[in-house]
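**Q** Quick one: this structure, given as structure tokens, is what I'll be asking you about.
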């Protein structure tokens, strides 16, 4: 118990003192995950819109595939991309393995099915008349699309936060694709795994505190969105 208390106090000291190693790891983690989510949002919204408003052969199969991809382990995504990006792989000449770009690609693939599935559910929950009314009033397809997205903005924000929470905390793909290189590809989850394995619990706890705080902030924001979407009748 004394060891845990001492390690926790040391962890808080590391965070509050602005330790360059700790905050460098935090910065890499947030930068990579933010870029991955920003890259994933546009194609996921377009995919969700197409699946919601168009009928074509294989549509139901595609929806089922995206639902199934939600449960794919991060390490499987990491292994697949590792093979593709390795020197013997089809993209080996680009030398992306063990770079932040490879980590972004892995997190993109992890977040994409989450964003598509949750955005699809949000769009399908809106009356089709929102789209039809916008088109009837003379809006272009792009303007009508933005009108529809505005109507489901709370659902889309929920999808965004869920996807972000998923990728920033995953360790399998980041470890395999980034190589856990200090000051380059070492992010919060991979650093926690490494430091705790070495018995350096203070750094692991410090980084864990950041993830817990992030989870608390995201969940608080999600609950506030749910309240705005479904306000109490009392």
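**Q** Sticking with the crude label model, points 7 Å out along Cα→Cβ, report the distance from residue 213 to residue 94 in nm, one decimal please.
**A** 3.5
**Q** Which angle between 0 and 90 degrees, to the nearest 10, do you get for helix 100-124 versus the longest principal axis of the chain when only C-alpha atoms count?
**A** Computed tilt is about 40 degrees.
**Q** Further question on the same structure: What is the order of 69, 9, fewest Cβ neighbours within 10 Å to most?
**A** Placing the least packed residue first, the sequence is 9, 69.
**Q** Same structure, new question: Region 26-76 to region 139-183: how many Å between their Cα centroids?
**A** Centre-to-centre (Cα) distance: 8 Å.
**Q** On to the next question. Under a 10 Å cutoff between Cα atoms, tell me which one of 100, 124, 88 has the largest fluctuation in the Gaussian network model of the chain.
**A** Maximum among the listed residues: 88.
**Q** Calculate for the chain the 222 nm mean residue ellipticity that helices alone would give, adding -39,500 (n - 2.57) per DSSP H run of length 4 or more and normalising by residue count, nearest 500 deg cm²/dmol.
**A** After summing the helix terms and dividing by residue count, I get -25500 deg cm²/dmol.
**Q** If you don't mind, there's one more thing I want to ask. Using 0.36 nm per residue, how much length does the chain from residue 126 to residue 30 gain when fully extended, once their Cα-Cα distance is taken away?
**A** 31.3 nm
**Q** So if we plug the beta-carbon distance of residue 135 and residue 63 into 1/(1 + (r/R0)^6) with R0 = 22 Å, what FRET efficiency do we get, rounded to 0.05?
**A** Here the calculated transfer efficiency is 0.35.
**Q** Using a 10 angstrom cutoff on alpha carbons, build the Gaussian network for the chain and name the most mobile of 76, 116, 152.
**A** 76
**Q** Take 16, 145, 207 and order them by how many other Cβ atoms sit within 10 Å, fewest up front.
**A** Fewest-to-most ranking of 16, 145, 207: 16, 145, 207.
**Q** Given the options 111, 215, 71, which has the most mean-square fluctuation in a GNM of the chain, springs set between C-alpha atoms less than 10 angstrom apart?
**A** 71
**Q** Helix 2-16: angle to the longest alpha-carbon principal axis of the chain, degrees 0 to 90, nearest 10?
**A** Long axis of 2-16 versus the principal axis of the chain: about 60 degrees.
**Q** Also, quick follow-up: If you rank 54, 221, 98 by fewest surrounding Cβ atoms within 10 Å, what's the result?
**A** If I rank by nearby Cβ atoms, fewest first, I get 54, 221, 98.
**Q** Also, quick follow-up: Consider the candidate values (i) 34, 19, 13; (ii) 34, 28, 16; (iii) 37, 24, 14; state which one is semi-axes √(5λ) of the Cα gyration tensor in Å computed from the structure displayed.
**A** So the structure-derived entry is (iii).
**Q** Separate question: Can you pull a Stokes-Einstein diffusion coefficient for region 76-147 at 10 °C (1.306 mPa s), Rh from Kirkwood over Cα pairs, as a whole number of µm²/s?
**A** 105
Bear in mind that the values in this text are calculations on the coordinates, not laboratory data. Remember, it's a predicted structure, so these values are computed and weren't measured experimentally. So basically every Cβ, Gly included, is an ideal-geometry build from the backbone, and we count neighbours across all protein chains shown.
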